[in-house]
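Inspection log for the structure reproduced underneath, given as structure tokens.
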Amino acid sequence: DRVIPNRAEETLWVLFSGILIVYIFDFILKNLRSYFIDVAGRGADVLISSKLFQQFQNIKLASKNNSAGAMAHQMKEFESLRDFLTSASISALVDLPFIFLFILVLGLIGGKIAFIVLAVLPISLFVAFLLQRKIEQTTDQSWQDLSQKNSHLIETLQGIETVKSLNIESSRQSVWESYIGATSLIGMKARYYMNMANSFSSFMQQMTTILVIATGVYIVIDGHLSMGGLIACSMIAGRIIAPVSTMVALSMRYSYAKHAYLELNELMAQKVDIPERKKFLKRNNISGDIICSNLEFKYPTAEQPTISG
């Protein structure tokens with residue numbers, strides 16, 4: 001609105017330099033944010049992974065519910081939960097408040113154009129919610145199949161000598177292929193819903209740009225908006241929809257993170273041999289003259305005592 005009609009080249013380069021500095025600082029701040037989030041996530045990863053491994057070793061054998069493969073799958077899924085709770089979710093939450101700031105600026109510049117974005121946002125979030133429910137259903141179905149598949153794989157590898165000696169390779173292969181078929185089918189459904197969510201998010205972003213430009217043309221014709229204002233409204237609308245697209249993608253990953261959290265929570269709730277805060281008696285000097293009498297010990301599932309006398 002000012003540079004082109006007046007051919008103000010000096011003003012152009014001043015604006016160019018200012019925007020360039022802003023983008024450089026934006027680049028630096030984004031990298032610093034990712035770095036500090038990764039540092040914090042690494043510290044939490046070390047502590048929680050150590051705690052999980054300690055829990056694996058400390059679980060009572062009598063209350064052990066899952067096989068080794070299923071427990072290995074639980075440990076692996078902790079990574080998806082960690083990623084969800086660190087960079088992805090925090091970055092999206094940091095960008096979320098700026099949506100309202102951009103909507104306010106869009107309303108000040110374009111007036112009624114802001115209502116277009118306000119109408120697109122709830123539609124995008126509502127469709128994402130519906131697809132997220134579908135993905136959550138497929139996640140519940142696939143989790144058990146994935147655990148059984150990993151259990152079958154680890155048990156076969158650990159007992160490969162027994163498998164070969166009994167000549168049961170074909171039966172193990174048949175079971176493996178059935179697990180692969182089930183998990184691939186459910187995985188295909190989950191990917192279909194995720195791709196649909198991403199495609200719909202891109203579609204709404206494109207439709208927002210078209211509607212903003214089409215509506216802005218009529219406002220420009222009426223004399224209430226300049227050409228530069230229309231271009232600014234189009235750019236700001238894109239900045240508003242971009243975090244929403246990130247939130248839509250994040251909501252698709254929420255189902256996996258939620259299921260991983262529930263599984264790990266169930267794991268941490270299992271009974272252990274040595275409680276965390278239990279303290280044992282300690283003697284610095286032991287003479288060795290220890291006598292046990294009238295002592296009896298029996299495992300919970302055993303009928304006869306292991307020690308008696």
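The values are calculated or read from the model by the stated rules, or taken from the named source; none is laboratory data. All values derive from a computational prediction rather than experimental measurement. Every residue, glycine among them, receives a Cβ derived from its backbone with ideal geometry; neighbour counts consider all protein chains shown.
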Name every residue in the stretch 197-246 that is closer than 26 Å to P97 by Cβ and free of Cβ contacts under 8 Å to residues at least 24 places away in the same chain, in order of residue number. F203, Q206, I231, M235
Filtered residues of the stretch 186-225 (kept if touching a helix residue (DSSP H, G or I) at 6+ places or on another chain (Cβ under 8 Å), more than 20 Å from E136 (Cα to Cα) and of a type in the set (G, A, S)): S202, G216
Matching residues, the stretch 128-150, being among the hydrophobic types (A, V, I, L, M, F, W, C) and over 20 Å from A257 (Cβ atoms): none
Taking the criterion of being polar (S, T, N, Q) and part of a loop (DSSP other than H, G, I, E, B), would at least one residue in the stretch 160-172 satisfy it? yes
Here's a check for you: in the stretch 226-278, which residue that is closer than 25 Å to E136 by Cα and of a type in the set (G, A, S) is farthest from the chain's Cα centre (by Cα)? A269
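Residue by residue, here is whether (1) more than 13 Å from V127 (Cα to Cα); (2) surrounded by 15 or more Cβ atoms within 10 Å (Cβ to Cβ) holds:
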{"site": "R191", "(1), (2)": "yes, no"}
{"site": "S201", "(1), (2)": "no, yes"}
{"site": "I210", "(1), (2)": "yes, no"}
{"site": "I213", "(1), (2)": "yes, yes"}
{"site": "G216", "(1), (2)": "yes, yes"}
{"site": "I219", "(1), (2)": "yes, yes"}
{"site": "D222", "(1), (2)": "yes, no"}
{"site": "M227", "(1), (2)": "yes, no"}
Return a yes/no flag: does the stretch 282-290 have any residue that is out of contact with any helix residue (DSSP H, G or I) (no Cβ under 9 Å at 6 or more places or on another chain), loosely packed, with under 11 Cβ neighbours inside 10 Å, modelled with pLDDT under 75 and β-branched (V, I, T). yes
With respect to T183, determine if the residue is in contact with a helix residue (DSSP H, G or I) (Cβ under 8 Å, 6 or more places away or on another chain), hydroxyl-bearing (S, T, Y), at negative phi and at pLDDT 85 or above. no
Among the residues of the stretch 112-127, are any at pLDDT below 75, under 28 Å from W143 (Cβ atoms) and not β-branched (V, I, T)? no
Just for the stretch 1-52: of the residues that are within 30 Å of Q270 (Cα to Cα) and of a type in the set (V, I, T), which one is surrounded by the fewest Cβ atoms within 10 Å (Cβ to Cβ)? V46
For the stretch 129-152, state whether one or more residues are aliphatic (A, V, I, L, M), surrounded by fewer than 19 Cβ atoms within 10 Å (Cβ to Cβ) and in contact (Cβ under 8 Å) with a residue 24 or more places away in the chain. no
Hey, can you tell me all the residues within the stretch 31-61 that are closer than 30 Å to P300 by Cα and not β-branched (V, I, T)? S50, K51, L52, F53, Q54, Q55, F56, Q57, N58, K60, L61
Go through (1) under 25 Å from L52 (Cβ atoms); (2) basic (K, R); (3) surrounded by 12 or more Cβ atoms within 10 Å (Cβ to Cβ) for K271 and report which single condition fails. (3)
